[in-house]
Amino acid sequence: VKIIAVASAKGGVGKTSLAANLGSALALLGKRVVTVDLDPQNALRLHFGLAAESVAGIARATLAGAPWRTVLVEGGGVRVLPFGALNETDRRAFEQRLDADPDWLGHSLDQLDLGADDLVLVDTPPGPSVYLKQALSTAQFVVTVVLADAASYATLPMMAGLLATYCLGRADFAGAAYLVNQVDQSRQLAADVIKVLRGSLAGHMFPGVIHEDQAVSEALAMDTTVLHYDPHGQASQDFRASAAWLLDVLARTARRSA
Ligand SMILES: Nc1ncnc2c1ncn2[C@@H]1O[C@H](COP(=O)(O)OP(=O)(O)OP(=O)(O)O)[C@@H](O)[C@H]1O
Ligand SMILES: [Mg+2]
């Protein structure tokens, strides 16, 4: 199994949309995919047509000592582990639990008995948190989502620091790549910022970007991923290309370490 964390220092840049749509694209490429929602916003499930009002998820399962298998649900060809709903007291207890047990995510995933070729995509809340720490210290690959703007550029040192702390020293870590989301082709500034990003990230970037496409938010409103809602649109093409590149990189790093 390969665990891929989706992260960003800034909020609202498209992590959850990316985790859901990349997951969907990888599943359509024939991979068995599990997506994990490590964000108390509990929004990942909405992309897979799962009932918004359900409270079941990994948070309550963990507090109750129940295995994750009991809260695994299927939506649109992807298996989903929702965060679920927690009251404030339980959320604090849960976060203390995660802080005290750095191997919680890895152990919980181990118990699912996933296959060697299965892919796990982990969505995280914006910025440093116990959730991001769990995701980064368990993942073999990290996708950092950025926008083509100055604010995202300013957050690069923070992500670099987090990667250095939780990922780079680990023998099982395969790599990290930045993915630029919501690119508006008609804006020259976006093209300029992407050029600067490619310069300063020296090779650690997806070769393509995800364009701004209203089908991404429309798909969410229709309880599905854009790969199903608008399969021939720009965003779907972008997600398929990014998913294929990711598979290629993972296969190459696996061969190197074999
Ligand atoms: N490529 C895109 N084109 C158009 N809209 C997009 C695109 N990607 C994301 N969006 C929209 O941007 C908004 C934020 O996306 P999303 O919730 O995925 O971000 P996030 O990084 O997970 O946010 P948070 O930090 O709160 O978890 C949503 O309304 C989503 O539909
Ligand atoms: Mg999110």
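A few comments on the model shown:
- Taken over segment 5-43, residues that are more than 22 Å from VAL55 (Cα to Cα), more than 15 Å from ligand 2 (Cβ to nearest atom) and either open to solvent by 20 Å² or more (accessible area, probe 1.4 Å) or β-branched (Val, Ile, Thr) (or both) amount to 7.
- Residues in segment 91-129 that are surrounded by 18 or more Cβ atoms within 10 Å (Cβ to Cβ) and within 16 Å of ligand 2 (Cβ to nearest atom): 6 in all.
- Segment 196-205, subset without any contact (Cβ under 8 Å) to a residue 40 or more places away in the chain and of a type in the set (A, V, I, L, M, F, W, C), residue most open to solvent (accessible area, probe 1.4 Å): ALA202
- Top-ranked residue in segment 173-195 [being in contact with a helix residue (DSSP H, G or I) (Cβ under 8 Å, 6 or more places away or on another chain) and touching a residue at least 60 places away in the same chain (Cβ under 8 Å); ranked as nearest to ligand 2 (Cβ to nearest atom)]: ASN181
- Any chance LEU98 is at pLDDT 95 or above, outside any helix (DSSP H, G or I), farther than 23 Å from TYR178 by Cα and more than 18 Å from the chain's Cα centre (by Cα): no
- When ASP113 is tested against (1) within 20 Å of the chain's Cα centre (by Cα); (2) more than 25 Å from VAL226 (Cα to Cα); (3) not in a helix (DSSP H, G or I), only condition (1) is not met.
- In segment 216-240, the residues that are surrounded by 19 or more Cβ atoms within 10 Å (Cβ to Cβ) and of a type in the set (A, V, I, L, M, F, W, C): VAL216, ALA219, LEU220, VAL226, LEU227, ALA235, PHE239
- Test: ALA85 is without any contact (Cβ under 8 Å) to a residue 60 or more places away in the chain, small (Gly, Ala, Ser) and part of a loop (DSSP other than H, G, I, E, B): yes
- Filtered by the rule that a residue be surrounded by fewer than 23 Cβ atoms within 10 Å (Cβ to Cβ) and part of a helix (DSSP H, G or I), segment 133-148 gives LYS133, SER137.
The values are calculated or read from the model by the stated rules, or taken from the named source; none is laboratory data. For clarity, every value in this text was computed on a predicted model and none was experimentally measured. Don't worry about glycine lacking a Cβ; one is built from the backbone with ideal geometry, like all the others, and counts go over all protein chains shown. Keep in mind that these areas ignore ligands, DNA and RNA; they rest on the heavy atoms of the full protein, side chains included. Shrake-Rupley method; radii C 1.70, N 1.55, O 1.52, S 1.80 Å.
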